[in-house]
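Step one of this worksheet: look at the structure below.
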Amino acid sequence: MLTGRVSDFSEIRPVVGGKAMPLVLYSVNTYLAYMINERFYEGKHHAWCSEIFDARANGQWGRYASIPPTSNPYEIYHNLYEEVRRGDRHSAKIEANREGILLGADIKRRYGVIDQNQRTEIEEIVKSVEISDFRPILYVIPYSNVVADVREATVEERAHPLSLEFIIESLDSQHFDPIEVI
Amino acid sequence: MFEKWTKHLNHIDLRAVTYNIARRIRRKKPIYPLDPVPQTKSLPIPEELSKIVDEIQAEIEARYRTPIDQIDEETEYKILKEFSDLSYEKMKASPDYDPERVKKAVEAMNNMTLYHKSIRHTPIKLVDDERTGI
């Protein structure tokens with residue numbers, strides 16, 4: 001955690017192994033996933049993160065140009081928001097999140113985080129809720145809070161081999177702020 | 001489409017099969033940020049279910065004429081949704097299914113006190129809200 005007087009960004013930017021790390025990480029999830037994490041997983045969230053909110057803003061030849069739309073928080077947020085706003089019942093993104101939450105619940109059940117009844121409740125909720133509950137939420141995560149928990153995605157995990165992506169397997173509620181941009 | 005392999009499974013075993021099919025489909029794919037889990041976690045299953053997964057993989061590869069880990073995204077979700085819907089139907093048909101449970105679970109979520117005060121804590125709504133009166 002940060003201590004003492006902070007006079008400029010260079011003093012608060014975390015340094016790990018001599019390398020300056022991001023000030024903030026951004027991640028997008030759905031409201032429903034957020035609520036399920038809070039309710040069933042003791043406020044622990046799985047976050048796929050980027051150190052930049054909108055990679056396109058950095059230019060065609062910038063450091064973040066290789067981050068594809070599927071990993072760019074702004075585009076994930078915007079595209080999902082549009083599909084929810086339209087109430088698109090056949091949205092692949094919404095279906096993907098529905099299946100993703102269920103697959104996540106399978107893991108949590110297997111690892112004993114939830115019991116079978118809770119697993120069933122999650123399945124019932126995920127299959128029954130309205131599309132509006134899949135609206136996007138942006139997680140703003142101060143890097144200093146997660147230095148010990150964050151790792152860089154492996155090349156195989158990334159949407160693009162040169163993309164800069166981070167994973168936090170168990171992000172505590174107290175370590176980020178979720179916001180709705182619209 | 002996969003009834004031959006799934007009709008005798010209960011919904012819990014069917015979820016285990018679904019998870020392992022998803023993992024095989026995504027083995028060589030990048031992680032999807034909104035659905036990041038299956039590439040990274042292995043969930044071992046009993047040999048009997050593993051054999052079923054093998055047979056379903058062979059069926060998928062024959063049907064789409066492509067290795068399972070090269071199936072496109074649209075087909076992937078069509079397959080996963082089919083398994084998911086099957087397991088949901090089986091769950092609803094099981095003797096211990098309680099139709100009131102989802103209402104209670106949603107009510108509990110809506111009454112939660114969230115750590116984050118800045119988020120719009122809107123009530124989770126069921127598709128058939130009007131009929132259930134939630």
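The values are calculated or read from the model by the stated rules, or taken from the named source; none is laboratory data. As the structure is a computational prediction, the values presented were derived from the model and not from experiment. Please note: Cβ atoms are built from the backbone with ideal geometry, for glycine as well, and neighbour counts cover all protein chains shown.
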Test: residue in segment B:58-69 that is under 19 Å from A:E95 (Cβ atoms), of a type in the set (D, E) and under 19 Å from the mean Cα position of the chain (by Cα): no
Being surrounded by 20 or more Cβ atoms within 10 Å (Cβ to Cβ) and either at positive phi or more than 9 Å from chain A (Cβ to nearest Cβ) (or both) narrows B:L9, B:L80, B:L14, B:L34 down to just B:L14
Picked from segment B:78-124 (must be polar (S, T, N, Q) and without any contact (Cβ under 8 Å) to a residue 24 or more places away in the chain), the residue farthest from B:A16 (Cα to Cα) is B:S118
Picking from B:I134, B:I119, B:I124, the residue that is at pLDDT 90 or above, assigned to a loop (DSSP other than H, G, I, E, B) and closer than 24 Å to A:Y34 by Cα would be B:I124
**Request:** Report yes if B:M91 is surrounded by 15 or more Cβ atoms within 10 Å (Cβ to Cβ) and either more than 22 Å from A:H46 (Cα to Cα) or assigned by TED's automatic domain parsing to the domain that holds B:H8 (or both), otherwise no.
**Result:** yes
Okay, helices (runs of 4 or more DSSP H) sitting entirely in segment A:7-89 with 2 or more residues that are under 24 Å from B:Y115 (Cβ atoms), at pLDDT 90 or above and acidic (D, E), I get none
Of the residues in segment A:98-107, those that are within 7 Å of another protein chain (Cβ to nearest Cβ) and over 17 Å from B:E82 (Cβ atoms) come to A:G104, A:I107
Within segment B:1-16, residues part of a helix (DSSP H, G or I) and under 17 Å from B:R63 (Cβ atoms) come out as B:E3, B:K4, B:W5, B:T6
- Query: Does at least one position in segment A:111-121 carry a residue that is at the interface with chain B (Cβ under 7 Å from one of its Cβ atoms), farther than 22 Å from B:I25 by Cβ, buried (at least 17 other Cβ atoms within 10 Å of the Cβ) and charged (D, E, K, R)?
  - Reply: yes
